[in-house]
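This report concerns only the one structure given below.
The values are calculated or read from the model by the stated rules, or taken from the named source; none is laboratory data. None of the values given here were measured: they were computed from a predicted structure. Counting neighbours? That spans all protein chains shown, and the Cβs are built from the backbone with ideal geometry, glycine included. Accessible surface is based on the protein model in full, side chains and every heavy atom, while ligands, DNA and RNA are left aside. Shrake-Rupley method; radii C 1.70, N 1.55, O 1.52, S 1.80 Å.
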Amino acid sequence: MSQNRQRSKDAPSVAAVSGKIDDVLAGIRVPDLPYPAGKLEPDAVSDWRPLLISCWSEQRDERVTHVIRSVNLEWSVRQVNAAYVADRIMDVFLKTSGLHPNLARRIARLRFYLAWRMNLEGKKAFSKTLLSWLDSLQEWRGWSDSGGRSSKVLLDQLDSLVIAVSASFESGGTGPVEDFCHQWQEDSEKRDAQAGKLRQRLLDTEQGAAKQRKADQTARALIGRALQGRKLPIAIVRFILDYWQGLLKQSVWDSGFEGETFRHGSKLLEWLVWIGDPSLSDKDRNRLYHVGEQIGDRILDVWKRVYNETLPPEALAGIEAVMVSRLRGEAPDLVDALSAAGSFQWDSSWLGFEVPPKEAFEPFEGQWFVEGEGAGEQRRFFYAFLPESAEILWTNGAGVKLGLQTWSEFQTALDKKQIRPLPKLTPFGTVLAETVELLARVCEKQRRQREQAAEAARLRAEELRREKEAADERRRAEEAEREAELERQRQAAEEQRIADENAEQERLRKERTLRAEKQVDGIKLGGWVVVEPDESSEEPVRLKLAVRINASRKLVFVDRLGLNRREFLEEALVEGIVEGRIRVLGTSAEFDDTLSRVVGRIRVGRN
């Protein structure tokens, strides 16, 4: 996990912060902390070691100040300030360390131990050994709580830390913790030596695998493109899959895309497909004879170049039989090429394969990246870019492979912020120095602030009053404006609704008018309409068209007996249909009328 380790060149020494720590422990006052009302006698001060041991043993993620506030005991000023300083340091460490949240949280639980030691010995709580170990945690910047073996190694070591700190609490000294830190450093050196070998071995393996993958995928892509949508004799399909796929793969492995054998192999693949597909080769019989004479020798020649051995005679038997059949003009038995290939997988993108320029990927090599958020985030190390396959080799930083990712997928993930560079780490020594320096300035300011507290409080109260009045006034104005705006919006919405309803009614009326006009235009002589009852009649009246006067756009209707003449202008008739007062009957009404007349005549004849 030491890959890309960050070391602080100017990490603060114990001497740089020790004096200020003691000043802060003695002089700072923090609101809402359980300070004693007055100076306590030594016998009156409560022993907090059992409480801190309990919190540490339970591995509680709780501030020391919260713990001492939760019990009704008397604490000295130094105890309260030691608790506060330990909390402040570890809170800053949690936010700025850059370590995985789970790891940072485990380390931050040392606040119980540090509060205990600062109360006893002040500046000596941060020994050189302890600071060196805390700073060395940066080598685990890429650790993720993945549940794997490499992840559990660190968790096991942190379990040993729990035992060591508990032993220090019990013994009343720092020996067990110091021994733990020394052992950690020794184990770290061994891990570094082992990880270096693992990283080089992994790189060599993956580079070979990438080259193999490129050769295999390129050969598959060429064959897939050539066979797609083609119907070929099964002998040609089997030869391509059983022999020629391996040759194309080997030629890419030996000399890449620009090699002569790869170009010849690709061309012969096209010839094989051309010969086997009558829809291609039947159009040029002369060329078919020419290619048929040469293709066998060409295949043997390319095979000899690639493998330095002769192609077995039986391999060409199927192709020769197909050629003889094709030259005789016989129609071969064809099969769908890709279906006959079975579960043949190929990706055409390998044919347009391009390696990005070095300036595109080199800035990312050797960098850590984060995927996910919070405790579920996963960290990975951009160990190497594999140009043979344009893939990124991700590791855990210690030579353990986490996976491969194509360059295009990586760029997409960056653009979508699914993966992001790991922020710069902050060593514990820097956290300690900056936090203590800040608290020391606060402690100095408090002395001056006490003298100005009353005046500042009065001024602040007046200022708050004015701000509150101004805020109330603004709030009232904003509320009035908001109500006015809401009223305007409601009025506009109502006007829009009415306008929409009117528009919809007008649209419907136009549609009905158009349908009515078409119905009126479609009424032929003898066509029937029904006029709904009005004040002069109680029943609907059926009328048929007797006369259409185009000059005056007038239609004359009569009843079945040719009487009861009614005239309508086309506009009036259309309006009557739109309003539902008049209905136009179809041909079925004419049939009913004719049937009624026929039946009536039959009855008259019988009588």
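Filtering the range 553-577 down to residues that are among the small types (G, A, S) and closer than 12 Å to A516 by Cβ, which residue is least open to solvent (accessible area, probe 1.4 Å)?
Let us first name the residues in the range 553-577 that are among the small types (G, A, S), namely 562, 572, 576.
Subset that is closer than 12 Å to A516 by Cβ: 572, 576.
Values: A572: 45, G576: 0 Å².
Across the range 553-577, the extreme among qualifying residues is G576.
E434: without any contact (Cβ under 8 Å) to a residue 40 or more places away in the chain and open to solvent by 60 Å² or more (accessible area, probe 1.4 Å), yes or no?
Details: without any contact (Cβ under 8 Å) to a residue 40 or more places away in the chain: no; open to solvent by 60 Å² or more (accessible area, probe 1.4 Å): yes.
Judged against the criteria, E434 is not a match.
Just to be sure I understand, how many residues within the range 227-250 are in a helix (DSSP H, G or I) and under 19 Å from G296 (Cα atoms)? Give the steps one after another, and end with the answer.
Narrowing the range 227-250 to residues in a helix (DSSP H, G or I): 227, 234-250.
Remaining after also requiring under 19 Å from G296 (Cα atoms): 234-248.
The qualifying residues number 15.
A quick yes/no check of all residues on (1) hydroxyl-bearing (S, T, Y); (2) open to solvent by less than 10 Å² (accessible area, probe 1.4 Å); (3) assigned to a loop (DSSP other than H, G, I, E, B):
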residue	(1), (2), (3)
F112	no, yes, no
A115	no, yes, no
L131	no, no, no
E139	no, yes, no
G142	no, yes, yes
K152	no, no, no
S160	yes, no, no
A167	no, no, no
E170	no, no, no
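Since Q250 meets every condition but one in (1) surrounded by fewer than 20 Cβ atoms within 10 Å (Cβ to Cβ); (2) under 27 Å from Y383 (Cβ atoms), which condition does it not meet?
Here Q250 meets the rest and fails (2).
Inspect the range 447-463 for any residue being open to solvent by 60 Å² or more (accessible area, probe 1.4 Å), of a type in the set (D, E) and either in contact with a Phe, Trp or Tyr (Cβ under 6 Å, 6 or more places away or on another chain) or not in a helix (DSSP H, G or I) (or both) and give the result as yes or no.
Within the range 447-463, not a single residue is open to solvent by 60 Å² or more (accessible area, probe 1.4 Å), of a type in the set (D, E) and either in contact with a Phe, Trp or Tyr (Cβ under 6 Å, 6 or more places away or on another chain) or not in a helix (DSSP H, G or I) (or both).
From the list R220, R199, which one is of a type in the set (K, R), in contact (Cβ under 8 Å) with a residue 60 or more places away in the chain, within 30 Å of L269 (Cα to Cα) and surrounded by 18 or more Cβ atoms within 10 Å (Cβ to Cβ)?
Working: R199 fails: within 30 Å of L269 (Cα to Cα).
Answer to the check: R220.
Return yes or no: is L414 closer than 30 Å to S389 by Cβ, free of Cβ contacts under 8 Å to residues at least 12 places away in the same chain and out of contact with any Gly (no Cβ under 7 Å at 6 or more places or on another chain)? Before you say what the answer is, go through the steps one by one.
Details: closer than 30 Å to S389 by Cβ: yes; free of Cβ contacts under 8 Å to residues at least 12 places away in the same chain: yes; out of contact with any Gly (no Cβ under 7 Å at 6 or more places or on another chain): yes.
Judged against the criteria, L414 is a match.
Counting only residues that are open to solvent by 30 Å² or more (accessible area, probe 1.4 Å), outside any loop (DSSP other than H, G, I, E, B) and in contact with a helix residue (DSSP H, G or I) (Cβ under 8 Å, 6 or more places away or on another chain), how many does the range 390-404 have? Steps first, answer last, please.
Let us first name the residues in the range 390-404 that are open to solvent by 30 Å² or more (accessible area, probe 1.4 Å), namely 400-402, 404.
Remaining after also requiring outside any loop (DSSP other than H, G, I, E, B): 401-402, 404.
Still in the list and also in contact with a helix residue (DSSP H, G or I) (Cβ under 8 Å, 6 or more places away or on another chain): 401, 404.
The qualifying residues number 2.
Among the candidates R78, R88, which residue alone is open to solvent by 40 Å² or more (accessible area, probe 1.4 Å), at pLDDT 90 or above and within 14 Å of G122 (Cβ to Cβ)?
Working: R88 fails: within 14 Å of G122 (Cβ to Cβ).
When all the criteria are applied, what remains is R78.
If the Cβ limit is 8 Å and pairs must be 6+ apart or interchain, which residue in the range 256-281 that is without any contact (Cβ under 8 Å) to a residue 40 or more places away in the chain and open to solvent by less than 60 Å² (accessible area, probe 1.4 Å) pairs with which residue that is part of a helix (DSSP H, G or I) and charged (D, E, K, R)?
As it stands, the answer is L268/R298; W271/R298, since those pairs meet every condition given.
Taking the condition of being among the hydrophobic types (A, V, I, L, M, F, W, C) and farther than 17 Å from E579 by Cβ, how many residues in the range 526-542 meet it?
Narrowing the range 526-542 to residues among the hydrophobic types (A, V, I, L, M, F, W, C): 528-531, 541.
The next check asks that each one be farther than 17 Å from E579 by Cβ; those that pass are 528.
Of the residues in that region, 1 qualify.
For the range 344-382: of the residues being of a type outside the set (G, A, S), within 18 Å of W140 (Cβ to Cβ) and part of a loop (DSSP other than H, G, I, E, B), which is least open to solvent (accessible area, probe 1.4 Å)? Step through it out loud before you land on a result.
Just the residues of the range 344-382 that are of a type outside the set (G, A, S), to begin with: 344-347, 350-351, 353-359, 361-365, 367-371, 373, 377-382.
Adding the requirement that they be within 18 Å of W140 (Cβ to Cβ) leaves 367-371, 377-382.
Keeping just the survivors that are part of a loop (DSSP other than H, G, I, E, B) gives 367, 377.
Values: Q367: 81, E377: 14 Å².
Among them, the one singled out is E377.
Need the failing condition index for S171 against (1) in contact with a helix residue (DSSP H, G or I) (Cβ under 9 Å, 6 or more places away or on another chain); (2) small (G, A, S); (3) more than 21 Å from R380 (Cα to Cα); (4) free of Cβ contacts under 8 Å to residues at least 60 places away in the same chain, just the number.
(1)
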